[in-house]
Amino acid sequence: MLHMRQQQQPRTRVLIVDNFDSYTHNLFHLIAGVTNIEPIVIHNNDCEKYQRLVESSAFDVVVVSPGPGRPDRDEDFGICKTILSDAKFPVLGVCLGCQGLGWVHGLQVNLNPDGPSHGILAPVNHSEHPLFFGVPQRFTVVRYHSLALCESDGSASIFPPHLERIGWTDNGVVMAIAHRDLPLYGVQFHPESVCSEYGSEIVRNFIRLARDWLLQHPAPSPPATPPRPLPAAREPATARDGGVDARSAPGASPPPDAELELRHLALDWTLEAEAAYTMLYAGDPASFWLDSARRPHPNSRFSYMGGSDGPLARLITYDLPARRVVCSRSGPAAAPGEEEVAEGVDVLDFIKAFLRRHRCDRRWDIPADFQCGLVGFLGYELKELCRDGLGMPPRHRSGAAGQPDACLLMADRVLALDHRRSRLHLIVPLPVA
């Protein structure tokens, strides 16, 4: 029955253009939760892939992600300028994407009048524009920007006739804009941030506005079979940065013949999270417990925990100076010497290949957002592997403190404790029968 309901709902295929920003992955999950389909993700410098997606009608709308830099620099904004100028598709710009929308259509980008606002919570007022349908005045958002939109004279009070300011702070800094004639919208804040309110509602309103526009402007030749959405991915490693192609990395064999699917068991549960963790996982040195310090809060509904005793569980550690990945069993079932060592490897490519091997589609009838996968940390040192860090000497060294530069556990047994409904969800990936 659930599957039939999902098929009856119109699905809007979203393309995210990633401006090399870590928030893109949060945006990915927010959009997937609203649309019930994973977005396609490409980087802002992949012109060829974008053109192929356009020619195959692989998406309906575009989301331009946050990112470092300025929209008026081609190396920072890439194909996003063309997308916003051509306006062939409905677009939602987030942070840098919002600045780019305003800049392309006549506004200036100057320093934020409030100074750098990095992780700042602020109330936002709005004009009751349909993008904010169901969103109250002075809702709280997370601001993370050092630039802001303004008129050519530096003010934010006079807009070009085809643009309108639809959201602002108490002191007038632009927080949202919309084009009056085209389906182009932008928000300066981060709706995908855990502390931003009404993020799902804003994305849902954008999808609704986009659908209305698409019904009035149908595509000339819709595809007979939509292509499988592409996973979020970073640029392939090259010899220049000492990495390897994910397809040839050790441990990056093709997906196993046994396709995985998520199994789910829900039980009534009244035990506190601390007691559950102590009873089940305290003796496992590779176990995890993810929780929020903000209970009660809408975003702290679940506690997640698990250990390293599952059949697919692996502990991945990385030594950046040596470019060495160690992938091992660490639970009670681990045999001595049962580990895989990969030398000369970019750990981000290794992780991408590892996740491809263990891909398992999300179950939308499971209310918990985390449904197995990698848990752990990536150290600041790994900036050296990213585009902006190439050739830069590292400022930090985890190894000096006896810690790996990255450490991740493949969690294939997850307990999700629902504090709102006093339910426990056991989530497990198993081979398809």
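A single entry from Ala313, Ala333 fulfils the requirement of being assigned to a loop (DSSP other than H, G, I, E, B), of a type in the set (A, V, I, L, M) and modelled with pLDDT of 90 or more: Ala313. Contact map, the stretch 407-433: first residue on the phi > 0 side of the Ramachandran plot and in contact (Cβ under 8 Å) with a residue 40 or more places away in the chain, second residue surrounded by fewer than 17 Cβ atoms within 10 Å (Cβ to Cβ) and among the polar types (S, T, N, Q), Cβ cut-off under 8 Å, separation 6 or more or different chains; pairs are Ser422/Thr270.
Quick grid of which residues meet (1) open to solvent by 40 Å² or more (accessible area, probe 1.4 Å); (2) more than 17 Å from Gly167 (Cα to Cα); (3) in contact with an Asp or Glu (Cβ under 9 Å, 6 or more places away or on another chain); (4) modelled with pLDDT of 95 or more:
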position: Pro68; (1), (2), (3), (4): yes, yes, yes, no
position: Thr82; (1), (2), (3), (4): yes, yes, no, yes
position: Val94; (1), (2), (3), (4): no, no, yes, yes
position: Gly102; (1), (2), (3), (4): no, no, no, yes
position: Leu107; (1), (2), (3), (4): no, no, yes, no
position: Asn110; (1), (2), (3), (4): yes, yes, no, no
position: Pro116; (1), (2), (3), (4): yes, yes, no, no
position: Gly119; (1), (2), (3), (4): yes, yes, no, no
position: Ser127; (1), (2), (3), (4): yes, no, yes, yes
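Checking each residue in the stretch 174-197 for being open to solvent by 10 Å² or more (accessible area, probe 1.4 Å) and either more than 12 Å from His129 (Cβ to Cβ) or assigned to a loop (DSSP other than H, G, I, E, B) (or both) picks out Arg180, Asp181, Leu182, Glu192, Ser193, Val194, Cys195, Ser196, Glu197.
Of all the criteria given as (1) at pLDDT below 90; (2) open to solvent by 40 Å² or more (accessible area, probe 1.4 Å), the one not satisfied by Ser300 is (2).
For Phe206, are the conditions met, namely being of a type in the set (A, V, I, L, M, F, W, C), modelled with pLDDT of 80 or more and assigned to a loop (DSSP other than H, G, I, E, B)? When the stated conditions are applied, Phe206 does not pass them.
Listed by position, the strands (runs of 3 or more DSSP E) inside the stretch 5-109 whose residues that are β-branched (Val, Ile, Thr) number at least 3 are 14-18, 40-43, 61-64. Residues that are touching a residue at least 40 places away in the same chain (Cβ under 8 Å), touching a helix residue (DSSP H, G or I) at 6+ places or on another chain (Cβ under 8 Å) and open to solvent by less than 30 Å² (accessible area, probe 1.4 Å) within the stretch 37-57 comprise Pro39, Ile40, Val41, Ile42, listed in sequence order.
Here Pro394 fits the description: part of a loop (DSSP other than H, G, I, E, B), open to solvent by less than 70 Å² (accessible area, probe 1.4 Å), within 30 Å of Asn45 (Cβ to Cβ) and at pLDDT below 90.
The values are calculated or read from the model by the stated rules, or taken from the named source; none is laboratory data. Please read all numbers here as calculations on a predicted model, not as lab measurements. All Cβ positions, even for glycine, are placed from backbone atoms using ideal geometry, and neighbour counts span all protein chains on display. Surface areas here come from the heavy atoms of the whole protein model, side chains and all, with no ligands, DNA or RNA. Shrake-Rupley method; radii C 1.70, N 1.55, O 1.52, S 1.80 Å.
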